[in-house]
Every structure is written in structure tokens, then in C-alpha cells.
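These notes concern the structure reproduced below.
Every number in this text was worked out from the coordinates using simple rules, so none of it is lab data. This structure is a prediction, so every number in the text was calculated from the model and none was measured. Please note: Cβ atoms are built from the backbone with ideal geometry, for glycine as well, and neighbour counts cover all protein chains shown.
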Amino acid sequence: MKIIAISILFFVSFCSMAFSAGETFKIETTGTEYCGDFLFSNFSAGNNVDFWIREQSEDEILVSFTPDFKHGTTFFIHMTYFMASKNKTAFVGEVFFEDDSWLSIFGKSTLDKNGMAKSIQGTFIQNGVIRPACFSSGTFKTVK
């Protein structure tokens with residue numbers, strides 16, 4: 001029982017280390033968007049859709065299309081975190097919308113000496129979140 005209690009305490013404290021409450025990051029994406037037969041386009045920092053993320057709780061991040069998280073430009077992603085080393089975490093997250101669009105992410109974050117995320121990077125795949133009837137996949141990372 002004591003080992004279980006210690007494990008739960010470690011997990012709760014770890015989850016709060018992956019992202020710090022209220023901490024905001026700008027995300028840049030690179031990948032390919034597919035919108036029908038033979039219709040695809042590549043995107044990168046110069047022509048992608050900008051995102052910002054902020055931790056809302058131990059198992060959710062808030063994603064926004066605007067840097068000020070304006071109402072109507074946000075959605076939540078349910079997250080699960082795992083400790084990969086003393087200064088790295090691995091995570092996976094997903095969100096499903098009522099219109100059958102969805103987004104799935106996985107990646108890692110690097111922590112500073114205080115246990116705060118200093119960089120985040122990973123892979124995503126989405127269907128209909130950016131544009132209806134289009135899906136895309138690629139990588140993402142935090143930028144300053």
C-alpha cells in the first residue's frame with residue numbers, strides 16, 4: 001500500500017512537471033496536408049497555421065489559434081505523461097470533436113533544472129481540425 005501511495009504521489013508531481021500551470025508555448029508545425037485526390041500541400045514555419053498551448057490541468061492542455069486564447073479559438077486535448085528520464089517526459093494526447101474531426105499527438109518535452117518544460121516536440125496527425133475534408137500529418141515543436 002505504501003508503494004502504491006508513493007507511486008501515485010510521484011505520478012501526480014510528474015504530471016505537473018511536464019507543463020507548468022499557465023505556461024504558454026507557441027507551436028510551429030511542419031508536414032503535409034491532403035485535401036482530395038492528388039491535392040496536397042507541404043507546410044512549414046512560413047505557411048503553417050500558428051498554435052499556442054497552455055496547461056489547464058494535470059491531464060489537459062488548452063490549444064488556441066490565437067496568442068491571447070480568445071474565446072471560440074480554443075480546444076482541449078486530453079494528455080497522458082510518462083517520465084522518460086530525469087529531464088525528459090514522453091506524452092500522448094488526443095481530442096475528438098462532434099463533427100467527427102480529430103487530432104492525435106505524441107512527443108517529448110525537455111525539462112529544466114526546476115522541472116519546468118523548456119521545449120516540446122513531437123508528431124501529430126489530424127483530420128478536419130484545420131480545414132474540413134482535409135487531413136494532415138507532420139511534426140511540431142515549441143518556438144520562442
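Can you compute the FRET efficiency between I125 and K70 using 1/(1 + (r/R0)^6), with r the Cβ-Cβ distance and R0 = 30 Å? Round to the nearest 0.05. The partial results should precede the final answer.
Working: r = 26 Å, r/R0 = 0.86.
For R0 = 30 Å, the calculated efficiency reads 0.70.
Multiply the residue gap between S41 and M116 by 0.36 nm, knock off their C-alpha separation, and tell me the result in nm, one decimal place. Write out the running numbers ahead of the final one.
Working: separation 75, 0.36 × 75 = 27.00 nm, distance 3.53 nm.
Contour length minus the Cα-Cα distance gives 23.5 nm.
List the residues, sorted by chain then number, that are 5 or more residues from A84 or on another chain and whose placed amide H is less than 5 Å from its amide H.
Under 5 Å from the amide H of A84 lie the amide H atoms of T89, A90, each far enough along the sequence or on another chain.
Set the Förster radius R0 to 30 Å, insert the Cβ-Cβ distance between F106 and T24 as r into 1/(1 + (r/R0)^6), and round the FRET efficiency to 0.05.
Using R0 = 30 Å, I get an efficiency of 0.90.
Modelled label-to-label distance, E94 and H78, 7 Å Cα→beta-carbon offset: nm?
0.9 nm
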